[in-house]
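Student: This structure is in structure tokens; I'll ask about it shortly.
The values are calculated or read from the model by the stated rules, or taken from the named source; none is laboratory data. Worth saying up front: this structure is predicted, and the values here are computed from it rather than measured. Here the Cβ is made from the backbone with ideal geometry for all residues, glycine too, and neighbour counts use every protein chain on show. Accessible surface areas use protein heavy atoms only, side chains included; no ligands, DNA or RNA. Shrake-Rupley method; radii C 1.70, N 1.55, O 1.52, S 1.80 Å.
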Amino acid sequence: MHNTLHNRKQRAALIQWAANDNYTHAFTLNTDRELSLSQARRIFGDFCHRFDKRVLGTRNARRLPTDMRLRAIAFPENLTTNAHLHGLADLSPALAVFSNEWRLKREFERIWLQCTRGSGSLHLQGEPDEGWPQYCTKHFNGTYFLAADFHPH
């Protein structure tokens, strides 16, 4: 009971925080397979690192401070069947590099497929609606990933 109450309070705080953190895009990253939590974490970490290298350049991805790298939050869901991540990201720096939404989506997808070894799919949407943070956390169990956790130091 205590853990459930704690998760509800944490979920409510995450929803409020995410809704007010100026994220530019909503995403769903599908793996099309079953994964353990550690595998999902590794794949998302690899994705964050590769995306930063593509947007910022290989050298800058390591040198720039965290607040200049990919800023995203992802919530794993359905790990035992069709593992996927719902989340939010600030992709404004990437949009400046790729110059339009179509190219941004293609790079996002290309990098995701590299990380999942060709399986999976994704949905990326600019200007997430206000209900997206609540949807992302509908199966919240206390686990989420922040892109900053994967930034090399």
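Student: Say we look at the range 110-137 and pick out the residues that are open to solvent by 20 Å² or more (accessible area, probe 1.4 Å) and hydroxyl-bearing (Ser, Thr, Tyr); which of these is farthest from residue 18 (Cα to Cα)?
Tutor: Looking at residues that are open to solvent by 20 Å² or more (accessible area, probe 1.4 Å) and hydroxyl-bearing (Ser, Thr, Tyr), I get 119.
Student: Cβ contacts < 7 Å: first residue over 14 Å from residue 75 (Cα atoms), restricted to the range 2-21; second residue of a type outside the set (D, E, K, R), any location; separation 6+ or different chain. Result?
Tutor: Here the result reads 19/133, each pair linking the range 2-21 to a residue that is of a type outside the set (D, E, K, R).
Student: Just the residues that are among the aliphatic types (A, V, I, L, M) and in a loop (DSSP other than H, G, I, E, B), please, taken from the range 11-52. Show your work before the answer.
Tutor: From the range 11-52, those among the aliphatic types (A, V, I, L, M) are 12-15, 18-19, 26, 29, 35, 37, 40, 43; that's our starting set.
Across the range 11-52, the qualifying residue is only 35.
Student: Now for a different question. Only one of (1) buried (at least 21 other Cβ atoms within 10 Å of the Cβ); (2) out of contact with any Asp or Glu (no Cβ under 7 Å at 6 or more places or on another chain); (3) closer than 14 Å to residue 148 by Cα is not met by residue 49, so which one is it?
Tutor: (1)
Student: If you go through the range 61-76, how many residues are of a type in the set (D, E, K, R) and assigned to a loop (DSSP other than H, G, I, E, B)? Before the answer, list the steps.
Tutor: If we filter the range 61-76 for residues that are of a type in the set (D, E, K, R), which is where we start, we get 62-63, 67, 69, 71.
The next check asks that each one be assigned to a loop (DSSP other than H, G, I, E, B); those that pass are 69.
So the answer is 1.
Student: Restricting attention to the range 97-109, does a residue exist that is open to solvent by 40 Å² or more (accessible area, probe 1.4 Å), under 24 Å from residue 138 (Cα atoms), touching a residue at least 40 places away in the same chain (Cβ under 8 Å) and in a helix (DSSP H, G or I)?
Tutor: no
Student: Please enumerate the residues belonging to the range 110-125 that are in a helix (DSSP H, G or I), free of Cβ contacts under 8 Å to residues at least 40 places away in the same chain and not aliphatic (A, V, I, L, M).
Tutor: Pass one, the range 110-125, residues in a helix (DSSP H, G or I): 110-115.
Narrowing further to those that are free of Cβ contacts under 8 Å to residues at least 40 places away in the same chain: 110, 113.
Selection gives 110 alone.
Student: When you check residue 151 against the structure, is it modelled with pLDDT under 95 and crowded, with 19+ Cβ neighbours inside 10 Å, yes or no?
Tutor: Details: modelled with pLDDT under 95: yes; crowded, with 19+ Cβ neighbours inside 10 Å: yes.
Yes.
Student: Additional query: So residue 93 passes all but one of these: (1) farther than 18 Å from residue 135 by Cβ; (2) in a loop (DSSP other than H, G, I, E, B). Which condition number does it fail?
Tutor: Going through (1) farther than 18 Å from residue 135 by Cβ; (2) in a loop (DSSP other than H, G, I, E, B) one by one, residue 93 breaks only (2).
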